[in-house]
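Take a look at the structure set out below.
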Amino acid sequence: MSLKQIKNTLEAYLIANVTTTAIKMPNTTFYTLNNVALTQSQIDALKLYIEPKMIPIMQDRELMSSATPINYESFLQIDICTDAGEGMGTTFTLISALDALFREKTISGVVCLRTQTLNSFEVGGIVVTPYRILASLRAG
C-alpha cells in the first residue's frame, strides 16, 4: 500500500504543479496538459513532454522499533522527452523547475530525499533525459 501511496502522492503533486508541459501517463497513450486531455493532432505536434514512472527500491523493516516500523523507498523517475535536434536548453530549464518542486521537500508525508539527472539517450528521434526523485515513506 505504501509504495502506491508514494506513487499517487508524487504523481498528483507533479500533475498539479507542472502546467505548461504535457504529461504522458505511464504505460498508456494518454497525454494531458494542465489537466486537459490532448487530441491526437496535439500529441503529434509535441516537441516536449514528460513521462513519470515509479521504480520501487525497498520496503524494509526499520532496525529500531517505532510506531512506524516499515520504511518504503522508491524513485519517481520523470523522463523528459524532446525531439532530437531541438537542443537541450528547454530540458535543463525543466530540470531546474522540477528541482524547485521536489528537492528536499515533504509532500503529504512523502519525503523527497534527493534528486538526480541521468545521462540522456536517443530512441526513435526522441531524446530522453531521466530525472529521478528518491522518495521515502515510513508506515506501519
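The values are calculated or read from the model by the stated rules, or taken from the named source; none is laboratory data. Computed from a predicted structure; not experimentally measured. So basically every Cβ, Gly included, is an ideal-geometry build from the backbone, and we count neighbours across all protein chains shown.
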I need the full set of residues from the range 74-88 which are among the acidic types (Asp, Glu) and either buried (at least 19 other Cβ atoms within 10 Å of the Cβ) or in contact with an Asp or Glu (Cβ under 7 Å, 6 or more places away or on another chain) (or both), in order please. ASP79
Please go through the range 121-140 and give me each residue that is over 19 Å from LYS4 (Cβ atoms) and either part of a strand (DSSP E or B) or at pLDDT 95 or above (or both), ordered by number. PHE121, GLU122, VAL123, ILE126, VAL127, VAL128, THR129, PRO130, TYR131
Residue check, PRO52 closer than 22 Å to SER120 by Cα, within 14 Å of the chain's Cα centre (by Cα) and modelled with pLDDT under 90: no
Kindly indicate the residue of the range 94-119 that is among the hydrophobic types (A, V, I, L, M, F, W, C) and assigned to a strand (DSSP E or B) and also farthest from SER74 (Cα to Cα) among those meeting that condition. ILE107
Looking for something over 21 Å from GLU11 (Cβ atoms) and among the β-branched types (Val, Ile, Thr) - is there at least one such residue anywhere in the range 102-121? no
Being of a type outside the set (A, V, I, L, M, F, W, C), over 14 Å from the mean Cα position of the chain (by Cα) and exposed (fewer than 14 other Cβ atoms within 10 Å of the Cβ) is the filter here, so list the residues in the range 89-104 that pass it. GLY89, THR93, GLU104
Positions within the range 7-62 being without any contact (Cβ under 8 Å) to a residue 60 or more places away in the chain, among the polar types (S, T, N, Q), outside any loop (DSSP other than H, G, I, E, B) and surrounded by 11 or more Cβ atoms within 10 Å (Cβ to Cβ), in sequence order: ASN8, THR32, GLN42, GLN59
One residue is enough: does the range 106-114 have a residue meeting the conditions modelled with pLDDT of 95 or more, at negative phi and in contact with an Asp or Glu (Cβ under 7 Å, 6 or more places away or on another chain)? yes
With respect to SER74, is the statement that it is among the hydroxyl-bearing types (Ser, Thr, Tyr) and modelled with pLDDT of 90 or more true? yes
Restricted to the range 80-93, and to residues that are in contact with a Lys or Arg (Cβ under 7 Å, 6 or more places away or on another chain) and in a strand (DSSP E or B), which residue is farthest from THR9 (Cα to Cα)? ASP83
